[in-house]
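See structure below.
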Amino acid sequence: MAIGVDKALPAANKPAFRTVAPSAPQASAGAPATYTSRPPAISDRTTQALSNNMAVAGYGTREMASRDMDRAGVSRGRGQSYYADVAQTQADSKAQAASVGAEMEAASANAKAQADYDNTMRAEQRANANLLENLRSNAAAERTARAGRGQDIYEALARGQFGLDSMNLDTTPLLYSLLRG
């Protein structure tokens with residue numbers, strides 16, 4: 001019979017450590033993007049792996065160039081070695097340029113995603129602020145209209161009361177001329 005449980009100890013069927021390093025958060029394919037979390041980014045680990053693969057792609061060019069210049073019965077000389085070195089240097093520079101280009105594209109994509117996220121957040125904040133201001137404006141207009149209706153009712157009642165309580169002699173020029181004549 002167990003008396004207590006130590007929650008700090010790992011469960012027997014679960015590993016005590018993570019075997020895979022966490023990567024950048026990825027949005028699921030079916031779920032819409034939410035703006036409460038940061039945008040997904042290309043991880044540095046992925047970028048570095050691609051960069052390393054591109055850098056390694058040029059390795060072995062020297063041997064391939066030497067092998068291409070081989071002729072039956074002719075030994076390799078300094079000229080073949082020189083041209084093989086030139087081919088290797090060119091391959092290395094192309095691979096390095098491609099590697100740097102891939103890193104720059106990943107950084108650019110991450111920066112664009114961040115800028116798009118920031119712009120979307122600001123636009124959403126402005127839209128929410130405009131909506132709130134419109135609601136406040138509508139509420140103020142309704143209060144003003146309500147006060148105006150109350151004033152109209154008060155004036156109508158006052159006019160009706162004055163009309164029934166008092167008799168005023170109409171002294172317009174037409175009536176005056178009719179009464180004299």
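Rundown of residues vs (1) modelled with pLDDT under 90; (2) closer than 23 Å to Pro40 by Cβ; (3) aliphatic (A, V, I, L, M), yes/no style:
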site	(1), (2), (3)
Gly73	yes, no, no
Arg76	yes, no, no
Gln80	yes, no, no
Val86	yes, no, yes
Ala95	yes, no, yes
Ala113	no, yes, yes
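From the list Gln80, Gln114, Gln96, Gln88, the one residue that fits, being in a helix (DSSP H, G or I), surrounded by 13 or more Cβ atoms within 10 Å (Cβ to Cβ) and free of Cβ contacts under 8 Å to residues at least 24 places away in the same chain, is Gln80.
All conditions in (1) at pLDDT 80 or above; (2) in a loop (DSSP other than H, G, I, E, B); (3) closer than 30 Å to Asp118 by Cα hold for Ser37, with the sole exception of (1).
Of the residues making up region 79-119, those that are under 26 Å from Arg38 (Cβ atoms) and touching a helix residue (DSSP H, G or I) at 6+ places or on another chain (Cβ under 7 Å) number 3.
The values are calculated or read from the model by the stated rules, or taken from the named source; none is laboratory data. Worth saying up front: this structure is predicted, and the values here are computed from it rather than measured. Glycine gets a Cβ as well: all are built from the backbone with ideal geometry, and neighbour counts include every protein chain shown.
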